[in-house]
Amino acid sequence: MADGASETKTSNQMWGGRFASGPDAIMEEINASIGFDKKLYAQDIRGSKVHAEMLAHQGIISVADKDAILGGLDTIQSEIEAGTFEFSRRLEDIHMNVESRLATLIGPAAGRLHTARSRNDQVALDFRLWVKEELQRVETALTRLIAAFLDRAEEHADTVMPGFTHLQTAQPVTFGHHCMAYVEMFGRDRARVRHAIEHMDESPIGAAALAGTGFPIDRHMTAKALGFSGPTRNSIDTVSDRDFALEFLSIAAISATHLSRLAEEIVIWSTPQFGFVRLSDAFSTGSSIMPQKKNPDAAELVRAKTGRINGSLIALLTIMKGLPLAYSKDMQEDKEQVFDSAESLELGLAAMTGMVRDMTINTDRMKKAAGSGFSTATDLADWLVREAGLPFRDAHHVTGRAVALAESKGCDLGELSLEDLQAIHEAITDKVFDVLTVEASVASRTSFGGTAPAEVRRQIAWWRARN
């Protein structure tokens, strides 16, 4: 625009004759969304092109007007991508900014583009297209993270480490098995993403303001052209629905929670007290005062971003919870949370993929820790059930006495003498020592989904065939 006066005039023309003067500064400030919804420019232009093609195909506008509209929209997209397009707050949103510029470029034909549609179904389309594309990006990022874990799991299918419950040593497992736990987690996230894409795969355009339109439009044509499986089936629900955004934020919150759990483990494992892993310099920082420090800042920041994503989910749930049908202006507040969460989630997935691929595994420290805390106690109890015929509860009691004796002697279970063990229960033989090593423990867990290296490799193969 050449000046503020002409810009205000254009804005008033967009609204129509009822609004004789422009909104004051406060109303402009609260009403404008162009600061964030300009992110939807590509989806807005794509939707407008498809709508214009359909209008011409149905004889609602002329082919000449359609061609002028398509050419003008191409110019606008080029201007935006070149950084020369002037966005105006007075024009409120991406739709009005594009439409105003189109009118400047091609004249009256631009006014025919909005035939048989409303900003209500237009924004529903733009936002739905953006979320669908973002879900596809997240699916790709999750696939890369799963692949990184599969590689580490295969590399360390035999690497023994302690398994924890309550962050206390429980039973020996393999690091490969531990990695595969995260494959399962992020695999569920990816399944949710794929379901969400399928669930939202309907086109809103043509619902108009809330009641549909009397023009002879072809909603199936526009749905197909936009890559949807079909059009939505209720015009009221179409313009008031933001379930697709809520589902995205729900998926993002769950996946971010998984990232946060992984980040917490990396933070713990990289401490000198654990020393299980060492992060590469690419994902660590130093201290401004303590030269010996190597801080896992990338993991900590991934952990922190979970709070932002969870907050966005709650914010949008709260915005939507009291809205009567159909559209309300409250729904303008739906996008910033989604945009911010998408950026945070993509960044977290990329950072974690890099950390998983780059970190060095200290197999010696893991193996040493795997035998601490009497981690083979369950193996002793199982041996008493299997070889001595004791009921498990009796075997549990006998094992508890053996643990107490080993603790009093300051040694591990496998370091007790046969005489010590037979003093607790006479049925114990020297064969018990075959199961009291961490290697024997993990090798024995051959049940489906267990930690035995052969079973871990079987699960890796299953996932590789599906990744």
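The label point for Thr104 and the one for Phe274, both projected 7 Å from the Cα toward the Cβ, are 5.6 nm apart. Computed extension length for Ala42-Ala404: 123.5 nm, one decimal, from 0.36 nm per residue of separation with the Cα-Cα distance subtracted.
If R0 is 25 Å, the Cβ-Cβ spacing of Glu387 and Arg458 corresponds to a FRET efficiency of close to 0.35.
Near Arg233: Cβ cut-off under 15 Å, other residues only, Lys/Arg at +1 and Asp/Glu at -1. The net charge is -4. For the stretch 366-467, just list the percent of Cα-Cα distances falling in each 10 Å bin from zero outward, please. P(r) for the stretch 366-467, in whole percents per bin: 15, 42, 27, 11, 5, 0. Taking Trp462, Trp269 and ordering them by how much accessible surface each has at a 1.4 Å probe, largest first, produces Trp462, Trp269. The mean accessible area for residues of the stretch 323-381, using a 1.4 Å probe and ignoring ligands and nucleic acids, is 41 Å² per residue.
Each residue, Thr318 and Asn467, gets one label point 7 Å from its Cα in the Cβ direction; the gap between the two is 3.9 nm. Per-residue ellipticity at 222 nm, computed for the chain from helices alone with -39500 (n - 2.57) per DSSP H run of at least four residues, works out to -20000 deg cm²/dmol. Using C-alpha pairs below 8 Å separated by at least 6 residues, the relative contact order for the chain is 16 percent. The Stokes-Einstein estimate for the chain, based on a Kirkwood radius over Cα pairs and taken at 10 °C with 1.306 mPa s viscosity, is a diffusion coefficient of 60 µm²/s. Legend: residues Thr318, Thr376, sorted from most to least accessible area (1.4 Å probe; ligands, DNA and RNA excluded), read Thr318, Thr376.
Taking other residues whose beta carbon is less than 12 angstrom from the beta carbon of Ile45, and scoring Lys, Arg as +1 and Asp, Glu as -1, yields -2.
Calculated FRET efficiency, Thr360 and Phe87, Cβ-Cβ r, R0 51 Å, to nearest 0.05? Walk me through the numbers on the way to the answer.
Working: r = 48 Å, r/R0 = 0.94.
That pair, Thr360 with Phe87, gives E of 0.60.
Ignoring aspartates and glutamates fewer than eight residues from Lys431 along the same chain, the ones with Cα atoms less than 15 angstrom from its Cα are Asp379, Asp382, Glu387, Glu415, Glu419, Asp420.
Label-to-label distance for Glu415 and Thr165 is 2.6 nm, based on points extended 7 Å past Cα in the beta-carbon direction.
Can you pick out the pairs among Lys224/Lys305; Lys305/Lys367; Lys49/Lys321; Lys305/Lys335; Lys38/Lys329 whose Cα atoms lie more than 25 Å from each other?
Details: Lys224/Lys305 37 Å; Lys305/Lys367 33 Å; Lys49/Lys321 34 Å; Lys305/Lys335 18 Å; Lys38/Lys329 17 Å.
Listed pairs above 25 Å: Lys224/Lys305; Lys305/Lys367; Lys49/Lys321.
Here Glu99 sits with roughly 40 square angstrom of accessible surface, probe radius 1.4 Å.
The values are calculated or read from the model by the stated rules, or taken from the named source; none is laboratory data. These figures come from a predicted structure and were not determined experimentally. Virtual Cβ from ideal backbone geometry, glycine too; neighbours counted across all protein chains shown. These accessible areas exclude ligands, DNA and RNA; they are computed on the full protein's heavy atoms, side chains included. Shrake-Rupley method; radii C 1.70, N 1.55, O 1.52, S 1.80 Å.
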